[in-house]
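Heads up, the thing below is written out as structure tokens.
The values are calculated or read from the model by the stated rules, or taken from the named source; none is laboratory data. Just so it is clear, the structure is predicted and the values come from calculations on it, not from any experiment. A quick note on method: Cβ atoms are made from the backbone with ideal geometry, for glycine too, and the neighbour counts reach across all protein chains shown.
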Amino acid sequence: MSSSSEFLWYIPNDVKPGHRGDSAVKNHNSLETLTSHAKALEEHGWKGALIGTGWGRPDTFTVATALAVRTTSFEPLIATRPGYWQPAHFASSAATLDQLTGGRVRVNIVSGKDNLEAYGDSEGDQAHRYGRTKEFMRLVRRLWTEENVTYAGEHFRVTGSTVVPRIEPRGNRRHPKLYFGGASEAAERVSATEADVQLFWGEPLDGVRERIERLKALSRELDRDLPPLEFGLRITTLVRDTTEQAWTDAEAKVAEMARNKGVGWNDHRQSIAVGQRRLFDLHSQGDVLDDNLYTAPGKFGGGGAGTTWLVGSAEDVARSLRRYRDLGITHFVLSDTPYLSEIKRQGNQLLPLLRD
């Protein structure tokens, strides 16, 4: 893969231990434990990590800030919800953290369902939800790149707004990248015009190829006025020393999920979004698609990036990831559990093969 590919990990940010089969250790979500993950990422070749969000989890921005302070190169990909934040408030907070960390902030905009009433928010139908997301992304970017911004939309408004500190351009980076997911038509129209990076779940190669082509066409159709949309993959990678050991361990993990009815894995099942439904439907095509895309976890509780896994030796998984790279994927957000030991294993065994 070319040096332009970027590799991030995942920090679940969950008060409950044992997330997706993680080690249920004492103080699993303490600052010391989370810092050990962030420092391991720095030491084993990773760029940073996506940090999960949702009401009932610790505040994502606070966790990201704490980890950024404890590290020197770790880049938090901060999951953020319009409505939980107002655009100017978020733009100011992110600009401040970006300035304090020397440009290490990344942002993942999340539009999925949440317990909105718990923090005094509300949403209408899908059109309303994605209309609000579109405005949020457009306004945050304007606040980062323009001064004295006045905007009156259907969902948000500001008058004479200048965010300080100003975002400092760094090479081609004018501001933190805005990552975005979603597979519905409404979500893809937002991504085609407003996102910097579209994240896909672990679909088969043909599905990803089709979606990339559709999003590029949509970008042209909707007169995108930003740099070309980039693409990313968020997936579980189960890597072992041999192909045989990887499949033995993968099947054992799925058997355990079946026994426990997916406890600790099903954090994307409160509301089945279009992209999640696509993943759950894959196992009807077979337990293994392409060469080593394992769909069986979706039968027993795997949700989100835990629904499909790339399974094999480091060489097997690297070969599969290169095929996604050949389609145009340049951002990879990988993970497996136990999170800390897999940061090290995959950093040592998998990442070097992807950088050749």
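Restricting the search to helices (runs of 4 or more DSSP H) fully inside the range 13-126 and requiring at least 1 residues that are under 18 Å from R234 (Cβ atoms) gives 31-43, 60-69.
Look at the range 245-259: where a residue is closer than 15 Å to T307 by Cβ and a partner is at pLDDT 95 or above, sitting 6+ places away or on another chain with Cβ atoms under 7 Å, you get A250/L238; A250/Y294; A250/W309; A250/V311.
In summary, L229 fulfils each of the numbered conditions (1) crowded, with 23+ Cβ neighbours inside 10 Å; (2) aliphatic (A, V, I, L, M); (3) under 18 Å from the mean Cα position of the chain (by Cα) with the single exception of condition (1).
Restricting the range 165-187 to residues that are under 11 Å from K134 (Cα atoms) and not aromatic (F, W, Y), which is farthest from the chain's Cα centre (by Cα)? Before the answer, list the steps.
Step one: of the range 165-187, the residues under 11 Å from K134 (Cα atoms) are 180, 186-187.
Then keep just the ones that are not aromatic (F, W, Y); that gives 186-187.
Details: A186: 19, A187: 15 Å.
Checked the range 165-187; the qualifying residue farthest from the chain's Cα centre (by Cα) is A186.
Within the set T72, T62, the sole residue that is at pLDDT 95 or above and closer than 30 Å to G160 by Cβ turns out to be T62.
All of P176, P228 fail the test of being at negative phi and touching a Lys or Arg at 6+ places or on another chain (Cβ under 6 Å), apart from P176.
If you go through the range 294-324 and keep only what is within 17 Å of F231 (Cβ to Cβ) and more than 17 Å from the chain's Cα centre (by Cα), you end up with S320, R322, R323.
For residues that are among the β-branched types (V, I, T) and under 13 Å from the mean Cα position of the chain (by Cα), scanning just the range 61-83, find the one that is surrounded by the most Cβ atoms within 10 Å (Cβ to Cβ). Outline the logic, then answer.
First pass over the range 61-83, keeping only residues among the β-branched types (V, I, T): 62-63, 65, 69, 71-72, 78, 80.
Checking which are under 13 Å from the mean Cα position of the chain (by Cα) leaves us with 78, 80.
Working: I78: 26, T80: 22.
Filtering the range 61-83 for residues that are among the β-branched types (V, I, T) and under 13 Å from the mean Cα position of the chain (by Cα), the one surrounded by the most Cβ atoms within 10 Å (Cβ to Cβ) comes out as I78.
Scanning the range 326-343 for residues that are over 20 Å from H44 (Cβ atoms) and part of a helix (DSSP H, G or I) gives D326, L327.
For (1) small (G, A, S); (2) at pLDDT 95 or above, each residue gets a yes or a no:
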position: K299; (1), (2): no, no
position: G302; (1), (2): yes, no
position: V311; (1), (2): no, yes
position: R319; (1), (2): no, yes
position: Y324; (1), (2): no, yes
position: F332; (1), (2): no, yes
position: K344; (1), (2): no, yes
position: R355; (1), (2): no, no
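Each residue in the range 273-326 was checked for being free of Cβ contacts under 8 Å to residues at least 60 places away in the same chain, out of contact with any helix residue (DSSP H, G or I) (no Cβ under 7 Å at 6 or more places or on another chain) and of a type in the set (V, I, T), and 1 of them qualify. When G171 is tested against (1) small (G, A, S); (2) on the phi < 0 side of the Ramachandran plot; (3) out of contact with any helix residue (DSSP H, G or I) (no Cβ under 6 Å at 6 or more places or on another chain); (4) surrounded by fewer than 22 Cβ atoms within 10 Å (Cβ to Cβ), exactly one condition is not met: (2). Evaluate the range 129-146: report whether one residue or more is touching a residue at least 24 places away in the same chain (Cβ under 8 Å) and loosely packed, with under 12 Cβ neighbours inside 10 Å. No.
Among the residues of this structure, G52 does not count as one that is at pLDDT below 95 and over 17 Å from W9 (Cα atoms). Taking (1) modelled with pLDDT under 95; (2) surrounded by fewer than 17 Cβ atoms within 10 Å (Cβ to Cβ) in turn, T159 satisfies each apart from (1).
Does G207 satisfy the criteria of being part of a helix (DSSP H, G or I) and either touching an Asp or Glu at 6+ places or on another chain (Cβ under 9 Å) or closer than 17 Å to L282 by Cβ (or both)?
Working: part of a helix (DSSP H, G or I): yes; either touching an Asp or Glu at 6+ places or on another chain (Cβ under 9 Å) or closer than 17 Å to L282 by Cβ (or both): yes.
So G207 fits the description; yes.
Residue pairs whose Cβ atoms lie under 7 Å apart, separated by 6 or more positions or on different chains, with the first residue in the range 333-356 and more than 13 Å from S36 (Cα to Cα) and the second among the basic types (K, R) and at pLDDT below 95, are T337/R20.
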